[in-house]
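First up is the structure itself, then whatever we jot down about it.
Derivation of every value follows stated rules applied to the coordinates shown; laboratory data play no part. No experiment lies behind these values; they were computed from the predicted model shown. Heads up, the Cβs are rebuilt from the backbone with ideal geometry, glycines too, and the neighbour counts pull from every protein chain shown.
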Amino acid sequence: MKVGVLALQGAFARHVRVLADLGATAVEVRTAGDLADVDALVLPGGESTTMSMLLDSSGLRGPVADRIADGLPVLGTCAGMILLATRVADGRSDQRSFGAIDLDVRRNGYGRQVDSFEADLDVTGLDEPFHGVFIRAPVVERVGDGVEVLAAVDGQPVLCRQGRVVVAAFHPEMSGDDRIHGRFLDLAFAA
Ligand code: GLN
């Protein structure tokens, strides 16, 4: 199980640790060469505008898009969710997303007062709540027909799945709880 974590910017290091603790071979992805032999990919939190620029300058934009189109399992968290969405409101005019999951999101949509908060989430398929850490998180404003909502806060989806693409508005790598990553590995490597 070789899982790549996009390591151009942001909170990639903790994802690598959580995945390794779960028994996966976790590698940092900075080049198309790094991407070539991974069997799943994590797009971490950080700053989606910066990551979007770095995807272009690193030459990774096309290879990542191609792998996703070929069915690569992908987990996107926070900025990673923004990078996987269909449409992004309040983005920078030059930022681009992969359109890998049929969601419209609003960057920093929870507003300034509550731009960081924590919430215990009831997640479909998990017995106990998952403690979600939200940091300048995107708000999901539209959910496409093919998208399954796995958790919500005040009626707003915060964990969604479409096929083998999973996105979280929060930072699952920061809770000392590996269940979201574990579920992603199950989904990615199920026979
Ligand atoms: N607000 C950030 C963005 O627009 C995302 C924040 C995060 O990833 N914690 O990319």
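Going through segment 74-117, which chymotrypsin sites (Phe, Trp or Tyr not before Pro) have at most 11 other Cβ atoms within 10 Å and a DSSP loop state?
Answer in residue order: no site qualifies.
Could you give the length gained on full extension between A190 and T25, defined as 0.36 nm per residue of separation minus the Cα-Cα distance, in nm? The partial results should precede the final answer.
On the way: separation 165, 0.36 × 165 = 59.40 nm, distance 1.62 nm.
Answer, rounded to one decimal: 57.8 nm.
Pairs of Cα atoms in the chain fall into 5 Å distance bins, from 0 up to the last occupied one, in shares of 1, 8, 19, 23, 23, 16, 8, 2, 0 percent.
At q = 0.13, 0.24, 0.25 Å⁻¹, what base-10 log of I(q)/I(0) does the Debye formula yield for segment 66-139 when every alpha carbon is treated as an equal point scatterer in vacuo? So the normalised log intensities work out to -0.46, -1.12, -1.15.
Taking Lys and Arg as +1 and Asp and Glu as -1, the other residues whose beta-carbon sits under 15 Å from that of T124 total -3.
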